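Colleague: Starting off with a structure, shown below.
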Amino acid sequence: MKNPPAKPSQLITKEFARQLNVNYNNKKASLRALKDEKEDANAIWYSLEELENYIHYIKTNGANDGYNVDGIRFYFGVYPDDEVHGEKAGLTTLFLVPTGKKAANNNTKVQSFSLMQEASSDIDSLDPMNYGNIGRPPSLIY
């Protein structure tokens, strides 16, 4: 490979990932037992094509809205417990929200230090992404 990708600094070991998943499953199982709930999702899957398409969507539309899109924030959610959501009612979901900063105005030569240090925030003008495939039932175990 001519230019191999750099190894991401956020990688964790498979063992630690497994422990995180076990912790999540144990916590959810104990809560479920208290509430006598149905088995919940413990994994969400998106295809590479879906993710690449979403990234292209948020970069393009974010730039059109005057943002420098710099990431995606993953939020946990729970579907409303109603008939509209069918089998997903009351269950966990994971949705993606683009983050970034307003692009600097090219006419402004001096930016304040606090503005440059400002943390990326959710971009409200772009739609979040949801409806990945969930790992239930049976639950997936990492």
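The values are calculated or read from the model by the stated rules, or taken from the named source; none is laboratory data. Bear in mind that the values here come from a model prediction, so they are computed numbers and not experimental data. Counting neighbours? That spans all protein chains shown, and the Cβs are built from the backbone with ideal geometry, glycine included. In case anyone asks, the SASA skips ligands and DNA or RNA and just uses the protein heavy atoms, side chains included. Shrake-Rupley method; radii C 1.70, N 1.55, O 1.52, S 1.80 Å.
Colleague: Can you find a residue in the range 51-58 that is at pLDDT below 95 and closer than 28 Å to Lys28 by Cβ?
Modeller: Yes, some residue in the range 51-58 is at pLDDT below 95 and closer than 28 Å to Lys28 by Cβ.
Colleague: Moving on. So which pairs qualify, if the first residue must be in the range 10-35 and in a helix (DSSP H, G or I), the second must be open to solvent by 100 Å² or more (accessible area, probe 1.4 Å), the Cβ gap must be under 6 Å, and the two must be at least 6 apart or on different chains?
Modeller: Close Cβ pairs satisfying both conditions: Ala17/Tyr142; Arg18/Tyr142; Asn21/Tyr142.
Colleague: I'd like the full set of residues that are open to solvent by less than 50 Å² (accessible area, probe 1.4 Å) and at pLDDT 90 or above, limited to the range 82-115.
Modeller: Leu96, Val97, Pro98, Thr99, Gly100 - these are the residues of the range 82-115 that are open to solvent by less than 50 Å² (accessible area, probe 1.4 Å) and at pLDDT 90 or above.
Colleague: If we scan the range 43-64, do we find a residue that is in contact with a helix residue (DSSP H, G or I) (Cβ under 6 Å, 6 or more places away or on another chain), within 21 Å of Tyr131 (Cα to Cα) and either assigned to a helix (DSSP H, G or I) or open to solvent by less than 60 Å² (accessible area, probe 1.4 Å) (or both)?
Modeller: Going residue by residue through the range 43-64, those that are in contact with a helix residue (DSSP H, G or I) (Cβ under 6 Å, 6 or more places away or on another chain) are none.
Looking for residues that are in contact with a helix residue (DSSP H, G or I) (Cβ under 6 Å, 6 or more places away or on another chain), within 21 Å of Tyr131 (Cα to Cα) and either assigned to a helix (DSSP H, G or I) or open to solvent by less than 60 Å² (accessible area, probe 1.4 Å) (or both), one finds none in the range 43-64, hence no.
Colleague: Evaluate the following for Tyr79: is it free of Cβ contacts under 8 Å to residues at least 40 places away in the same chain, within 19 Å of the chain's Cα centre (by Cα) and open to solvent by less than 90 Å² (accessible area, probe 1.4 Å)?
Modeller: Here the answer is yes, as Tyr79 does meet what is asked.
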